[in-house]
Each structure stands twice: as structure tokens, then as C-alpha cells.
Amino acid sequence: MPWKLTPLLLFLAWMAYKCSARARTDLFNVCMDAKHHKIKPGPEDKLHDQCIPWKKNACCSAKVSQELHRDTSSLYNFNWDHCGKMEPACKRHFIQDNCLYECSPNLGPWIQEVNQSWRKERFLNVPLCKEDCQSWWEDCRTSYTCKTNWQKGWNWTSGSNKCPTGTTCGTFEFYFPTPAALCEGLWSHSYKLSNYSRGSGRCIQMWFDPAQGNPNEEVARFYALAMSAGAMPQGIRPLLLCLALILPLWLHD
């Protein structure tokens, strides 16, 4: 009788939910499993300078936010001035990029597992609002660098990043001829240039006024719900595996 199957179907649905890698609603408000991130997001009243927009709900500590503003931070020993002094207007974007990376609890839909010594998760292809990418590129065009992918390939023998042998310093515009080349290539496709504008609710803002709330909350919710509706089927494989394991037991009974 169909009514007799109801408890089994409910149990099956509950097990499927438990077996998924991350519940889709968890993606609204989550911290990555990485070197300096908190386990869970929460208030941080003493966040420093450009990280302040995340003080109501942050994945970074006050100490981390202070280190992010140093020219060579003790967090990663990364030197922005590897090809001479970086222009202040350009450096502001890199500090803001780091604040977003370390502090934002709204990047869950784009978190991916990685096998790296300093982190177990990263974000990939975050849709960065086109104005934020454009202004980053415009303000950095006349600063200098020697590489197109800053996530790997540096000479670390001195303890901080130096240009590898065989490279020469050139303008950002030489190494990154377009805004997309900068935003997408710089950190191994952590970002993807979005066609959407700030305030659309469809792209992540690197810059926002905390007095107006955090617009990235709406963006994370939209993409997380899209995943749960099947529009972006992340995590479907482990779910199907769990169903495959449970279904024979159900049919046998």
C-alpha cells in the first residue's frame, strides 16, 4: 500500500540530506577550511581598516585583519613590492581582495576542496562584479609585476616571494592586458569576471558600505538556492552514491 511506503520515503530523504557534502543552506554563511580562517563566522568588532565591512559577521580575527594591511604580512610572507613600490591606489585593491578572502562568510557556493599544505579548501570562479574588476585593473595599470599567476611559481629562497629566474618586471597592463586577465588569472581563477553590476544581487562585491548591509549575503543565497534546485549540481555525485547504497535495502524490505 502506498501509505506504508511513506515512513521509508521520509527516512530515505533524511539520509540523502545527511549524506550530501554540505547542506545547501550551509553555503549562506560558512568559513573555508584554510590556514587563518575561523571555524565559524561571527562578530569581530575590532577588525582593522579595510576589513571593517565584515565586522558584523566575519571569518577573520582582528589580528588577521591587521596583518593583511602590512606590505609583507607575516600570514604568508607575501611582498606586494616585488617589482618596486606598488602604487597606493593599486595596493588598496589587493588589501580589499585579501579582506574578502579571509573575512567573508558569503563565498560558500564557490568553495572547493584542495590538497594543499596550508588549506583544505579554496574558492573558485567567484563572480566578481564587473565594476570592482574594472577599477582594480585601472588602478593597477601603472604598477609593476613579473608574473601573471601569483598563486604559484615564485622564488621563496629568501623567505618571501621574489621574481623567478627568467622573468622581467613590467607594468600590470603588460602582464594583464584586460580586466578579465587580471581578475581571473591572478589567483588561479579564484574569480570570474561577471557581466552583472554592483547591486544586482548576482555578483560578489569586493567593496561595499557596511552601513547599507552586506550585499554579498543575497548573492550567496541566490547561488546556493540555485544549486539546490539543480541549476548548479555541485555535490550531486555523493548524494547519488548514498541513494545507491540505501535503495537496495529499501527494495529488499
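Please treat every number below as a calculation from the coordinates, not as lab data. Fair warning: this is a prediction, and the values are worked out from it, not measured in the lab. Methodologically, a virtual Cβ is constructed for each residue, glycine included, from the backbone with ideal geometry; neighbour enumeration extends over all protein chains shown.
With θ taken as phi - 60° and the coefficients 6.51, -1.76 and 1.60, list the Karplus ³J(HN,Hα) couplings across the range 142-154 in order, rounded to whole Hz; mark glycine and proline as x.
Taking θ as phi minus 60°, the curve returns 9, 7, 10, 8, 9, 8, 9, 10, 8, 7, 8, x, 7 Hz for the range 142-154.
Beta carbons within 10 angstrom, averaged per residue: use that to sort the peptides 187-193, 173-179, highest first. Let's see the in-between values first.
Working: 187-193: 18.9, 173-179: 16.4.
The packing order, highest mean first, is 187-193, 173-179.
Please enumerate, by chain and number, the aspartates and glutamates with C-alpha under 17 Å from the C-alpha of residue 162, excluding those fewer than 8 residues away in the same chain.
71, 81
Taking the mean number of other Cβ atoms within 10 Å as a proxy for protection, how do you rank 152-159, 197-204 from highest to lowest? Intermediate values should be presented prior to the final figure.
Numbers: 152-159: 11.0, 197-204: 17.5.
Per-residue Cβ counts within 10 Å, averaged per peptide and sorted highest first, yield 197-204, 152-159.
About its Cα centre, how strong a charge dipole does the range 83-239 have in debye, to the nearest 20, once Lys and Arg get +1 and Asp and Glu get -1 at the Cβ?
Numbers: 16 positive and 14 negative charges, 90 e Å.
With Lys and Arg at +1 and Asp and Glu at -1, about 440 debye.
Would you please give the residues with an amide H less than 5 Å from that of residue 204, counting only those at least 5 places away or on a separate chain, with H modeled from the backbone geometry?
128, 129
Search the structure for amide H atoms under 5 Å from the amide H of residue 191, placed 1.01 Å from N in the peptide plane, and list their residues when 5 or more places away or on another chain.
The list, which skips near neighbours in sequence, is 125, 126.
Please give the length that would be gained between residue 158 and residue 76 if that part of the chain were fully extended, namely 0.36 nm times their separation in residues minus their C-alpha to C-alpha distance (nm, one decimal).
Values: separation 82, 0.36 × 82 = 29.52 nm, distance 1.31 nm.
Extra length from residue 158 to residue 76 when fully extended: 28.2 nm.
What does the charge count near residue 112 come to, summing +1 for each Lys or Arg and -1 for each Asp or Glu among other residues with Cβ under 9 Å from its Cβ? Display every interim value, and only then the final one.
Working: positive: 122; negative: 113, 121.
Within the 9 Å Cβ shell, the charges total -1.
By average Cβ neighbour count within 10 Å, what is the ranking of 29-36, 103-110 from highest down? Mind showing how you got there, number by number?
Numbers: 29-36: 19.0, 103-110: 25.9.
Going by the mean number of other Cβ atoms within 10 Å, highest first, we get 103-110, 29-36.
Please report how far the C-alpha centroid of the range 146-194 lies from that of the range 58-121, rounded to the nearest whole angstrom.
Comparing the Cα centres of the range 146-194 and the range 58-121, I get a distance of 15 Å.
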